[in-house]
Amino acid sequence: MKKVYLPVVLLVILSVFITACGKTESQSADKNEISGTITFLTNRTDMIGEKYDDYAKRFNEKYPDAHVEFEAVTDLDKTTKIRVGSGEFPDVVLIPTIPNSDLPKYFAPLDDLGLNDRIYFKDYKSFENKVYGISVGATTTGILYNKKAFADAGITTVPQTLDEFYAAADKLKAAGKVALASNFKDQWTLYPWSSEIPTAIAGDADLNNNRLQSDAPYQLDNPYGQSMGIIRNMYEKGYLEPDINSTNWEQSKKDIASGKFAMYVIGNWAIPQVIESGTDSANIGYFPFPYDNSDKHNVTLAPDWAYGVNKNSEHPATAKAFVKWMLEDSGFDDFAGFIPVLKDKKPAVTQLTEFNSFKPKYLEAVSDDPKVTAIVNKAQITKEAFVQEFVLASDPQTIIDKYNAAWANAKKSLGN
């Protein structure tokens, strides 16, 4: 009996072994195929049921066996951070503010997309020479302006020095215009004055990281104080909104579009939003911020959120293909008003042609030093709140002293 059943048993074992191997190979092949359904978590709630429907259709046309679904959240960083930390998150996300050293825990390397030599900010979301995130687009900071408002005020050329900027603001005020929108109450809109403009003034992309070398990185006469001093001066001269605590972002876009407000210091990403708020593209211009009286200026080139692929995605090849498709084929750069992150792709936003005609020097952003981030968090420094306090203080030096003390105490407690 044993001689009869032994070959049968061996045959069954062999069959199971072959089947198991076959499944492993099949599953492995599936992961390398651009197929299946993936989900992309985004902050663009306005594109759900609109532009994203078109993206899903076009992606499927290129990859007939692949499908993409979209999920949008309003509090992107907080929500994504929680979901990433739990290990349960969509196939493609916009990477939240986590240390780069944590990227390999959650995300798949993107070096195999063949884009490393073509993109800006290759090292921004990298760790140990592997790229884990690629920015959705690049932004600079300049002055978005309403051309008709300028014409109504008798301004025939855009200001290229700080004195000319103040003179233009004075003409706009005399013409009944709000020279510069601040959205002071919304706070987040003040970010250029605390980071991008100081970096441009310093001519050093590492300005914020260089704070690590000082116990008093903020001074009235250094790039931080100079930048905040400009908006404080604009406030004191009545060039901002009559009641700076009553405006909001959505209404300001409409007021810029109508010409009630003339200028806005903001990223190029805002250009399409202002146009959509009620004006023709030809009526909106964009030029580098003239922070001093020289005729040459630096501007920052900063990344936006970065695409990341869940390392445990069931369809990693599809997720990576979608990231590459978004960068190369979707047209999201144009829709969102970005400078393409692909160096060989020219921006389609016409206002950037005007901006670049002034030949600004771009400073490509560098990654935040983890030690600096730790100090900022420990000191509970909110850079936009810093600007608010500086502008409204009877003596701005007291605000400088306050933030320097918070910085120094946090730095010391962390042993830096």
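Which number in (1) modelled with pLDDT of 95 or more; (2) surrounded by fewer than 16 Cβ atoms within 10 Å (Cβ to Cβ); (3) more than 24 Å from Ala374 (Cβ to Cβ) marks the one condition that Gln226 misses?
(2)
Consider Ala181 carefully, then state whether it is of a type outside the set (Phe, Trp, Tyr) and either within 23 Å of His297 (Cβ to Cβ) or within 27 Å of the chain's Cα centre (by Cα) (or both).
Taking the combined requirement at face value, the residue satisfies it.
Inspect all residues belonging to region 162-180 and state whether any of them is part of a helix (DSSP H, G or I), among the basic types (Lys, Arg) and surrounded by fewer than 20 Cβ atoms within 10 Å (Cβ to Cβ).
Looking through region 162-180, at least one residue is part of a helix (DSSP H, G or I), among the basic types (Lys, Arg) and surrounded by fewer than 20 Cβ atoms within 10 Å (Cβ to Cβ).
Tell me which residues, restricted to region 379-409, are over 20 Å from Thr189 (Cα atoms) and either at pLDDT below 95 or not assigned by TED's automatic domain parsing to the domain that holds Glu241 (or both).
none
What residue, of Glu241, Glu250, is out of contact with any strand residue (DSSP E or B) (no Cβ under 7 Å at 6 or more places or on another chain) and farther than 30 Å from Ala379 by Cα?
Going through Glu241, Glu250 in turn, just one is out of contact with any strand residue (DSSP E or B) (no Cβ under 7 Å at 6 or more places or on another chain) and farther than 30 Å from Ala379 by Cα: Glu250.
Only residues that are of a type in the set (A, V, I, L, M), crowded, with 22+ Cβ neighbours inside 10 Å and part of a helix (DSSP H, G or I): list them for region 231-269, please.
Those that are of a type in the set (A, V, I, L, M), crowded, with 22+ Cβ neighbours inside 10 Å and part of a helix (DSSP H, G or I): Ile231, Ile256.
Is it the case, given these coordinates, that Ala410 is in contact (Cβ under 8 Å) with a residue 40 or more places away in the chain, in a helix (DSSP H, G or I) and small (Gly, Ala, Ser)?
When the stated conditions are applied, Ala410 does not pass them.
Assuming Gln273 fulfils every condition listed in (1) in a loop (DSSP other than H, G, I, E, B); (2) out of contact with any strand residue (DSSP E or B) (no Cβ under 9 Å at 6 or more places or on another chain) apart from one, which condition is it?
Result: Gln273 fails condition (1) only.
Specify the residue that is modelled with the lowest pLDDT; the eligible residues are those in region 87-140 that are in contact with a strand residue (DSSP E or B) (Cβ under 8 Å, 6 or more places away or on another chain) and aromatic (Phe, Trp, Tyr).
Tyr124
Does Tyr218 satisfy the criteria of being hydroxyl-bearing (Ser, Thr, Tyr), within 24 Å of Val372 (Cα to Cα) and in a loop (DSSP other than H, G, I, E, B)?
So Tyr218 fits the description; yes.
Scan the helices (runs of 4 or more DSSP H) fully inside region 38-152 and keep the ones with 1 or more residues being under 30 Å from Ile256 (Cα atoms).
Where helices (runs of 4 or more DSSP H) fall fully within region 38-152 and carry at least 1 residues being under 30 Å from Ile256 (Cα atoms), they are 51-62, 76-86, 147-152.
Which residue, of Gly154, Gly85, is free of Cβ contacts under 8 Å to residues at least 12 places away in the same chain and more than 20 Å from the chain's Cα centre (by Cα)?
None of the other options fit; the residue is Gly85.
In region 201-213, which residues are more than 23 Å from the chain's Cα centre (by Cα) and either outside the structural domain of Met234 (by TED's automatic domain parsing) or among the hydrophobic types (A, V, I, L, M, F, W, C) (or both)?
Leu212
Does Pro198 satisfy the criteria of being surrounded by fewer than 22 Cβ atoms within 10 Å (Cβ to Cβ), modelled with pLDDT of 95 or more, in the same structural domain as Asp163 (by TED's automatic domain parsing) and out of contact with any strand residue (DSSP E or B) (no Cβ under 8 Å at 6 or more places or on another chain)?
no
Name the one entry in Arg118, Arg58 that is closer than 23 Å to Phe332 by Cα, more than 21 Å from the chain's Cα centre (by Cα), surrounded by fewer than 20 Cβ atoms within 10 Å (Cβ to Cβ) and of a type outside the set (Asp, Glu).
The match here is Arg58.
So, in region 345-363, exactly how many residues are at pLDDT below 95 and in a loop (DSSP other than H, G, I, E, B)?
6
The values are calculated or read from the model by the stated rules, or taken from the named source; none is laboratory data. All of these numbers come straight from a predicted model, not from anything done at the bench. Counting neighbours? That spans all protein chains shown, and the Cβs are built from the backbone with ideal geometry, glycine included.
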